[in-house]
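One structure is given below, encoded as structure tokens.
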Amino acid sequence: MQQHHTFSLERRRFLISSAIVGAVTALASNPIMASIGNSAKIDKLIKRMTLEEKAGQLHLEPVLSTMMADSDFAKQNPWMPPTTLEKTLAAMDVQLENVRKGNIGMLTTPMDLDSLINAQTVAVNESRLGIPLMFGADLIHGFRTVFPVPIAEAASFEPEIARRTARAVAIEGSAAGHDMTYAPMVDIARDQRWGRVVEGAGEDVLLGSLFAAARVRGFQGDKRGASDSMLACVKHFAAYGAAESGLDYAGSPITERMLHEVYLPPFQAAFDAGAILTMASFNTIDGVPASGNKHLLTTILRDKMGFKGAVMSDYESERELVAHGFASDNRDAARLALSAGCDIGMVSGIFPKYLPDLVRSGELDEALVDQAVRRVLYVKQEAGLFDDPFIRLNKARNNAPLPKAHRELARESAVKSIVLLKNDNALLPLPKSGKKIALIGPFGADTKNLNGAWSPFSAETPSVPVDVAFRMVLQDPNLLKVVAGSDIEAPIVGGIEAAVAAAKAADVVVLALGESEKMTGESTSRTEITLPPAQVALAEAVAATGKPVVVLLRNGRALALEGAVRDASSIVLTWYLGTEMGNAVADVVFGDVSPAGRLPMSFPIASGQQPYYYARENSGRPALNGSTGMFKSHFTGIPDEALYSFGHGLTYGKVSYAETRCSVDKVAKNGQITVSAQVSNSGNRAIEEVVQLYIHDQTASVVQPRRKLVDFRKVKLAAGETLNVSFTLGADKLSFIGQDTKPVLESGLFDVWVAPSATAGEGSSFALI
Ligand code: BGC
């Protein structure tokens, strides 16, 4: 234990760097490092561990750093413990002593590389067994370069773009010492009141599964243990997105069949792509908290899904078994969580505190602790840490300039994420000269809401605001007038007057509206998914000038658009696009690129329709064709429809679909059918079109969705080109999860559509025999 807590910062930094030199020399002679390599050797190591050392491996806590002292980050995050240098240094001493004793297995959310090198040096050189620490953080959609928020990227309908951005995040994040990232979030989200919709890939199972796998492949690269790979911790297992009424941390009252049909497939896809970490979710499922749910974490996850890695809790979720009323106290919670299959406790510290005693008193079988430790050591081994504990702790790599390609990828992915919802009279694209443009709204010149939730590490790479990008593109930047008109959530004095004056003086208005970053993400559930009233009032006043209006929406969930916003000539969904946001928006608005994004979730007509998603089951009393008549299933006065359905998105071409054709009328269960349609672009520019394949199983032992996406393809269409786009359908796409929670393939009639969205297209049908 170090005696002095009041070293100067310089002295501490000196000590840290001397320790690093020591570590590198010591490494070569550490016998455990050299011998680890297969499970027999891991077992041998476990035999040498004390109960305390075992429990320590199962504990993850925030890494302390002198950077925390008096930092802006600490001030903005009241949960962050010490804020003075003296207190920070004292706490660091305690943490390092715990590392030395083997009481900590993993550290999270580093602020600097030095603190990681320092901690790893202590772990490897000074702890009894020299087991390396593992480091992680939430590197969700960017590290230094920020890419579009995950929901935006899903709108690209191009999983490969997600793989590439995740790869870039891993390259940047691993250079700063991260061995793992708490990503991807693969929760299917069908209730847009839930703020965390922004972190996932939306409402659809197929799209969600493809993006889950792509992101895992991107984070982990070709080899999990490579120096520029980060292990993916897939979250939140499971059904976190099914929270009742979209209320964050509420229970998920779903059936086991729905769990298998909707919520588990993206996890399976992520595991199949090589993920060996997953995070247990905060919610209950049918009354049992996920983090203490043995059926979920062992029977389903391991026995059924074949998961071989380790499960970590979500920020104290294992301790929260007490608040749920599932465990009687923290000790009980530690026992229940570990026995259920939750291997690592995030932050709470109840594993190191109670597990040794629980074993000694006979309340917990030591074999269960060993099993969790084995999984953790396996994960560390796969991360390459036993071969080289300093594999991602490389200052030269961390200080190297960012690859130029990352910035280009930020722009490419941002452009691909943009969805053109509406474009009456081909108002877009706007010309780059000759027209006076009024850029009105709180997001026109905004610099604080470009990146979205989960981008706290990017400060050194300022993102491009929309007004700056517009000025760069316009031949005469003086033709652009920028007026806020309103704050995001409150009016500003004289704002509307200034906006109306600017609109009147312009040829066209671009209205930049939306939600602030803080209105989306964790713990930001909303009852009304509408734009704040101040912005709606601004839009009404501007629309009353009669000038043509383009709305740019910045948001992280589907919104129920109202009044002048809904009725604007053009609506462009621009999300939070990250480092290259402004440039990407300008690329689309001024027509350098034709938009190709598609909605990964339905935009409802009204908030009260939530949860609204396209793959709803048939009602016994369906309100067909927009009917709002009595005794049919709809909310009073509103058709049972979306304003913009899943899959919708326009381009600058003129696309039409001919009728869907099936290669045969009947197909055997072990056979295949080809389904196709001619897709034409009669417009005058080249575009990309997302051609989607939907099915509906007309009669089944479990009522089937009205439509289900089973395939899609992004195709290029030159001006005037017609393509025959065909898909192959077989058993894998026609089966569903039966009443017994197992996949089943039933014969009968199927409707099928090759279509531009979940509600468009002219279908056909065939029989499965
Ligand atoms: C979130 C997780 C996140 C964790 C660590 C939790 O509150 O639910 O998604 O990975 O914090 O930051």
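Name the residues in segment 273-292 that are crowded, with 24+ Cβ neighbours inside 10 Å, over 17 Å from the mean Cα position of the chain (by Cα) and farther than 18 Å from SER339 by Cβ, would you?
ASN283
Working only within segment 534-591, note down all residues that are of a type in the set (Ser, Thr, Tyr) and farther than 15 Å from ALA438 by Cβ.
THR574, TYR576, THR579
Can you name every residue in segment 584-603 that is part of a helix (DSSP H, G or I) and either surrounded by 24 or more Cβ atoms within 10 Å (Cβ to Cβ) or small (Gly, Ala, Ser) (or both)?
Listed by number, the residues that qualify are ALA584, VAL585, ALA586, VAL588, VAL589.
Which numbered condition in (1) buried (at least 18 other Cβ atoms within 10 Å of the Cβ); (2) outside any loop (DSSP other than H, G, I, E, B) is the only one that GLY452 fails?
GLY452 satisfies every listed condition except (2).
Quick one: TYR182 ticks every box in (1) within 15 Å of the ligand (Cβ to nearest atom); (2) touching a helix residue (DSSP H, G or I) at 6+ places or on another chain (Cβ under 7 Å) bar one, so which box is it?
TYR182 satisfies every listed condition except (2).
Take the conditions under 28 Å from the mean Cα position of the chain (by Cα), free of Cβ contacts under 8 Å to residues at least 12 places away in the same chain and not in a loop (DSSP other than H, G, I, E, B) and apply them to GLU408. Does it pass?
Against the criterion (under 28 Å from the mean Cα position of the chain (by Cα), free of Cβ contacts under 8 Å to residues at least 12 places away in the same chain and not in a loop (DSSP other than H, G, I, E, B)), GLU408 qualifies.
Which is among the basic types (Lys, Arg), in a loop (DSSP other than H, G, I, E, B) and buried (at least 18 other Cβ atoms within 10 Å of the Cβ), of ARG128, ARG144?
Exactly one of ARG128, ARG144 is among the basic types (Lys, Arg), in a loop (DSSP other than H, G, I, E, B) and buried (at least 18 other Cβ atoms within 10 Å of the Cβ), namely ARG144.
Taking the stated definitions as given, is VAL169 more than 16 Å from the ligand (Cβ to nearest atom), assigned to a helix (DSSP H, G or I) and under 25 Å from TYR315 (Cβ atoms)?
no
Going by the conditions given, is ALA438 out of contact with any Phe, Trp or Tyr (no Cβ under 6 Å at 6 or more places or on another chain) and either surrounded by 15 or more Cβ atoms within 10 Å (Cβ to Cβ) or part of a loop (DSSP other than H, G, I, E, B) (or both)?
Considered against the rule, which asks whether it is out of contact with any Phe, Trp or Tyr (no Cβ under 6 Å at 6 or more places or on another chain) and either surrounded by 15 or more Cβ atoms within 10 Å (Cβ to Cβ) or part of a loop (DSSP other than H, G, I, E, B) (or both), ALA438 comes out as yes.
Is it the case that segment 501-517 has a residue that's more than 35 Å from the chain's Cα centre (by Cα), farther than 30 Å from ALA201 by Cα and not aliphatic (A, V, I, L, M)?
Scanning segment 501-517 turns up at least one residue that is more than 35 Å from the chain's Cα centre (by Cα), farther than 30 Å from ALA201 by Cα and not aliphatic (A, V, I, L, M).
For the structure I just gave you, tell me whether ARG407 is surrounded by fewer than 21 Cβ atoms within 10 Å (Cβ to Cβ) and more than 24 Å from GLU688 (Cα to Cα).
no
Could you grab me the full set of residues in segment 346-365 that are within 16 Å of the ligand (Cβ to nearest atom) and in contact with a strand residue (DSSP E or B) (Cβ under 6 Å, 6 or more places away or on another chain)?
Those that are within 16 Å of the ligand (Cβ to nearest atom) and in contact with a strand residue (DSSP E or B) (Cβ under 6 Å, 6 or more places away or on another chain): MET346, VAL347.
So which residues in segment 310-342 are more than 16 Å from the ligand (Cβ to nearest atom), on the phi < 0 side of the Ramachandran plot and outside any helix (DSSP H, G or I)?
Once the filter is applied, which keeps residues that are more than 16 Å from the ligand (Cβ to nearest atom), on the phi < 0 side of the Ramachandran plot and outside any helix (DSSP H, G or I), segment 310-342 yields PHE326, ALA327, SER328, ASP329.
Among ASP187, ASP222, ASP191, ASP228, which is the only one that is under 19 Å from GLY309 (Cβ atoms), away from the ligand (no atom under 16 Å from the Cβ) and in a loop (DSSP other than H, G, I, E, B)?
ASP222
Go through PHE282, PHE271, PHE267 for me and flag whichever is at pLDDT 95 or above, aromatic (Phe, Trp, Tyr) and part of a loop (DSSP other than H, G, I, E, B).
PHE282
Pairs under 6 Å by beta carbon, first residue of a type outside the set (Ser, Thr, Tyr) in segment 261-290, partner in a loop (DSSP other than H, G, I, E, B) and away from the ligand (no atom under 15 Å from the Cβ), six or more apart or different chains?
So the pair list comes out as VAL262/ILE188; GLN268/MET305; PHE271/PHE307; ILE276/GLY309; LEU277/GLY309; ASN283/GLY251; PRO289/PHE326.
Which members of segment 231-264 meet the condition of being assigned to a loop (DSSP other than H, G, I, E, B), over 16 Å from the mean Cα position of the chain (by Cα) and on the phi > 0 side of the Ramachandran plot?
Correct list: TYR249 only.
The values are calculated or read from the model by the stated rules, or taken from the named source; none is laboratory data. Fair warning: this is a prediction, and the values are worked out from it, not measured in the lab. Ideal geometry is used to build each Cβ from the backbone, glycine not excepted, and the neighbour counts take in all protein chains shown.
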